[in-house]
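Taking it in order: structure first as structure tokens, then the write-up.
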Amino acid sequence: MKKSLLLYLFILAILMNVFTYMFYSKEVKFEQDRYVKTTKKLRDSLNLVETKLNEANYFSLENNQNAQNYFDSEDTSKTIRYEKLIPIVTEKLMDLNANPKGNPYTGQDQIGANKFIINKVKILNHRWIIADFSDGEIWGEVLLKYFVNNDESITFEVNQSLLCQK
């Protein structure tokens, strides 16, 4: 009886080892497959986000080669780098928010107690800017023209302004 009990325990141990081996080998394969699927899904998501970002930035000075070429001239002393121009134009426009009656380039007069100030600016090309403005309650958007003069000063002109309803 002792021999048969040892035989049964030996067979049971072999079966346990076989099942354990099969389980762990299948688990590794399963984890590898799951990793591959997850990686593929993340790459697809990343590509989709990158495509959407490129589409959203289609109208921007950073991606418009023709608008960038506008600032290049044969005289290298008069060449303006668009990388430096973008923050300068944005800063000049935002500095006008300090005006006591609000930013004059919102295209709107002050309504109520609060003044209109520009919150966000996007330079579309070598001529146009779109900006978001608000007074804390009412908000709107404005399309501006900007000009870089020979003395490298910047002037703005309101093309069209739009107030949105509350």
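The values are calculated or read from the model by the stated rules, or taken from the named source; none is laboratory data. Because the structure is a prediction, the values reported are computed rather than measured. Here the Cβ positions follow ideal geometry from the backbone for every residue, glycine too, while neighbour counts run over all protein chains shown.
Just a few scattered comments:
- Looking only at region 138-156, and only at residues there that are acidic (Asp, Glu) and surrounded by fewer than 12 Cβ atoms within 10 Å (Cβ to Cβ), the one that is modelled with the highest pLDDT: 151
- For residue 116: the one exception among (1) surrounded by fewer than 17 Cβ atoms within 10 Å (Cβ to Cβ); (2) more than 26 Å from residue 63 (Cα to Cα): (1)
- Considering the conditions (1) free of Cβ contacts under 8 Å to residues at least 12 places away in the same chain; (2) in contact with a Gly (Cβ under 7 Å, 6 or more places away or on another chain), residue 2 is excluded by exactly one of them, (2).
- Residue in region 55-70 that is in contact (Cβ under 8 Å) with a residue 60 or more places away in the chain, under 20 Å from residue 140 (Cβ atoms) and surrounded by 10 or more Cβ atoms within 10 Å (Cβ to Cβ) present: yes
- Extreme residue, farthest from the chain's Cα centre (by Cα), among residues of region 90-105 that are over 14 Å from residue 133 (Cα atoms) and at pLDDT 90 or above: 92
- Residues in region 127-137 include at least one that is without any contact (Cβ under 8 Å) to a residue 24 or more places away in the chain and exposed (fewer than 12 other Cβ atoms within 10 Å of the Cβ).
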